[in-house]
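Q: Starting off with a structure, shown below.
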Amino acid sequence: MSSLLAVLDAIESEPAAVALRGRSYELLGDLSGRTVVDAGCGSGRAVAELAQHGAHAVGVDLDPDMIAVARRRWPAGEFHVGDAAELPLETGSATCYRADKVLHLLDDPARAVDEARRVLAPGGRAVLIGQDWDLIAIDSDQSETTRRLVHAKADSLPSPRVARRYRNLLLDAGFTDPVVEVHTAMFTDDRAIAVLRRITDDESWLAEQAERARRNRIFVAVPIFLVAARR
Ligand SMILES: C[S@@+](CC[C@H](N)C(=O)[O-])C[C@H]1O[C@@H](n2cnc3c(N)ncnc32)[C@H](O)[C@@H]1O
């Protein structure tokens, strides 16, 4: 958990990440007084931000250690240990749902989307956010190795290409009026290294990237998919 937490902490205050979260809140619509579920909430920043927007935000995460961090950081927030595929909420009790960088970790993302539909009241809105792990552009002198490492990372995940399926998953679950956006996260300095360390621990390949960062020649681009739809 600690290495994931370190990466999340490093990226969540990046202006692009702040803007993306903000966009996800916008797509959820009017938040004031609404119950919003953040499935796979991690250390809870979005829950805290949603509360600042006047929502009754509920964070759910499978990892008890992550929930402990969230509770420590945001003592006023409501957090539960729970599975995105079996949310600890009554049927129809929420108005909004979001899952940010979560569905790729699930063996059966469709179950989580069905569960989102179950907890949402009619007219409620869901937003799914995440990257497609097969679509990461990295400039490297070792293009074959780079392709192999990116694909190996993707293959290690339960659902690496789920982000390109968000729209279809929502439609298949009975959601309507999907809005699809693709935003690109770009890294052109040594902050990219923390991202690349999530892909590989191949130190010789990472050394080339670190050297590129030193020479101002590192370039990593990651398309982030964001799909909103109505229950
Ligand atoms: C990459 S983190 C993203 C955290 C947060 N959404 C964010 O954007 O910073 C993925 C989170 O999903 C959680 N997670 C993984 N599988 C889950 C599941 N089946 N149900 C709920 N949470 C899960 C992990 O514990 C982790 O905190």
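The values are calculated or read from the model by the stated rules, or taken from the named source; none is laboratory data. Predicted model only: the values in this text are computed from it and were never measured. Positions of Cβ are backbone-derived with ideal geometry, glycine not excepted, and every protein chain shown enters the neighbour counts.
Yes/no matrix, rows are residues, columns are (1) away from the ligand (no atom under 12 Å from the Cβ); (2) at positive phi; (3) at pLDDT below 95:
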{"site": "V7", "(1), (2), (3)": "no, no, yes"}
{"site": "A10", "(1), (2), (3)": "no, no, yes"}
{"site": "Y25", "(1), (2), (3)": "yes, no, no"}
{"site": "L28", "(1), (2), (3)": "yes, no, no"}
{"site": "V36", "(1), (2), (3)": "yes, no, no"}
{"site": "G40", "(1), (2), (3)": "no, yes, no"}
{"site": "G44", "(1), (2), (3)": "no, yes, no"}
{"site": "A51", "(1), (2), (3)": "yes, no, no"}
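Q: Taking S32, is it more than 8 Å from the ligand (Cβ to nearest atom) and either among the polar types (S, T, N, Q) or modelled with pLDDT under 95 (or both)?
A: The answer is yes for S32.
Q: Exactly one condition in (1) within 25 Å of V222 (Cα to Cα); (2) without any contact (Cβ under 8 Å) to a residue 12 or more places away in the chain is not met by E49; state its number.
A: (2)
Q: Go through region 14-53 and give me each residue that's hydroxyl-bearing (S, T, Y) and under 15 Å from K101 (Cβ atoms).
A: Once the filter is applied, which keeps residues that are hydroxyl-bearing (S, T, Y) and under 15 Å from K101 (Cβ atoms), region 14-53 yields S24, S43.
Q: So, one more: Please list, ordered by residue number, the helices (runs of 4 or more DSSP H) wholly in region 165-218 having 3 or more residues that are within 22 Å of A152 (Cα to Cα).
A: Fully inside region 165-218 and qualifying: 191-197, 203-214.
Q: I need a count of the residues in region 84-95 that are closer than 12 Å to R117 by Cα and not in a strand (DSSP E or B).
A: 8
So that you can scan it fast, the table gives a plain yes or no per residue for (1) surrounded by 15 or more Cβ atoms within 10 Å (Cβ to Cβ); (2) aliphatic (A, V, I, L, M); (3) over 16 Å from Q142 (Cα atoms):
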site: A192; (1), (2), (3): yes, yes, yes
site: I199; (1), (2), (3): yes, yes, no
site: W205; (1), (2), (3): yes, no, no
site: R212; (1), (2), (3): yes, no, no
site: R217; (1), (2), (3): no, no, no
site: V220; (1), (2), (3): yes, yes, no
site: P223; (1), (2), (3): yes, no, yes
site: A229; (1), (2), (3): yes, yes, yes
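Q: Is it the case, given these coordinates, that A116 is of a type outside the set (F, W, Y) and either farther than 19 Å from R164 by Cβ or assigned to a loop (DSSP other than H, G, I, E, B) (or both)?
A: No: the conditions fail for A116.
Q: Tally time: how many residues in region 199-227 are out of contact with any Pro (no Cβ under 7 Å at 6 or more places or on another chain) and either over 18 Å from R147 (Cβ atoms) or of a type in the set (A, V, I, L, M, F, W, C) (or both)?
A: 20
Q: Write out, first by first residue and then by second, each pair whose Cβ atoms fall under 8 Å of each other, whose residues are 6+ apart or on separate chains, and whose first residue, in region 150-162, is more than 15 Å from D107 (Cβ to Cβ) while the second is among the hydroxyl-bearing types (S, T, Y).
A: A152/T200; K153/T200
Q: Further question: Which residues, counting only those in region 61-98, are touching a residue at least 40 places away in the same chain (Cβ under 8 Å), surrounded by fewer than 20 Cβ atoms within 10 Å (Cβ to Cβ) and away from the ligand (no atom under 13 Å from the Cβ)?
A: S93
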